[in-house]
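Note sheet for the following structure.
Values in this text are rule-based calculations from the coordinates and carry no lab data. Note that the structure is a prediction, hence the values are computed from the model and not measured. Note that each Cβ is placed from the backbone with ideal geometry, even for glycine, and that neighbours are counted across all protein chains shown.
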Amino acid sequence: MKINSAKELKVYETAYQLAMDVFKVSKRWPAEEKFSLTDQIRRSSRSVCGNLDEAWAKRRYTAYFISKLTDVDGENSETATWLSFAKDCGYLSPEDYTELSKRCNEVGKMIGSMLIKPEPFLLII
């Protein structure tokens with residue numbers, strides 16, 4: 001099966017849903033967090049998909065593709081950090097934290113696999 005868009009990747013779908021769920025739960029957070037934790041976690045979780053799209057667009061260049069995937073991995077790791085802060089500040093229930101962290105880890109594993117073996121995703125001309 002030929003993949004025509006990053007949006008068709010399982011990692012993209014998982015990351016997109018994670019970002020949407022982060023958005024939903026962060027709506028309940030205190031107003032004083034609007035320009036700090038809320039903004040940070042929303043941006044990092046959304047950047048995973050944005051950087052995946054950028055990587056996909058440049059997949060004919062191996063080094064660029066890997067570089068953008070490294071950015072994806074970094075944004076996903078940042079999201080995991082903000083999830084920990086949100087839990088420890090009492091903004092996330094233990095159940096929400098566990099579920100969101102589980103999906104964040106899943107995204108990280110998929111990105112790690114792509115970084116180890118990028119060849120199936122590259123556009124070779």
Under a point spin-label approximation (7 Å from Cα along Cα-to-Cβ), what is the Asn4-Lys58 distance to one decimal in nm?
2.5 nm
Trypsin sites (Lys or Arg not before Pro) lying in DSSP loop within the stretch 26-125, provided at most 13 other Cβ fall within 10 Å:
Lys27, Arg28, Lys34, Arg60
Average projection area in nm² (convex hull over Cα atoms of the chain, one quarter of hull surface):
7.6 nm²
Radius 14 Å from Cβ of Lys87, net charge of other residues (Lys, Arg +1; Asp, Glu -1)
-3
Report, ordered by chain and residue number, the lysines lying within cross-link reach of Lys117, taken as a straight Cα distance under 20 Å and ignoring same-chain residues fewer than 8 apart.
Lys2, Lys7, Lys10, Lys58, Lys68, Lys109
Residue-count net charge about Asp96 - beta-carbon cut-off 14 Å; Lys, Arg +1, Asp, Glu -1:
+2
Over the chain: helical MRE at 222 nm, DSSP H runs n ≥ 4 each giving -39500 (n - 2.57), nearest 500:
-24500 deg cm²/dmol
Based on other C-beta atoms within 10 Å, arrange Ser36, Ser45, Ser26 from fewest to most.
Ser36, Ser26, Ser45
Tell me, what HN-Hα J-couplings in whole Hz come from the Karplus equation 6.51 cos²θ - 1.76 cosθ + 1.60 at θ = phi - 60° for each residue of the stretch 37-51, using x for Gly and Pro?
4, 4, 5, 4, 6, 5, 5, 5, 5, 6, 5, 4, 5, x, 6
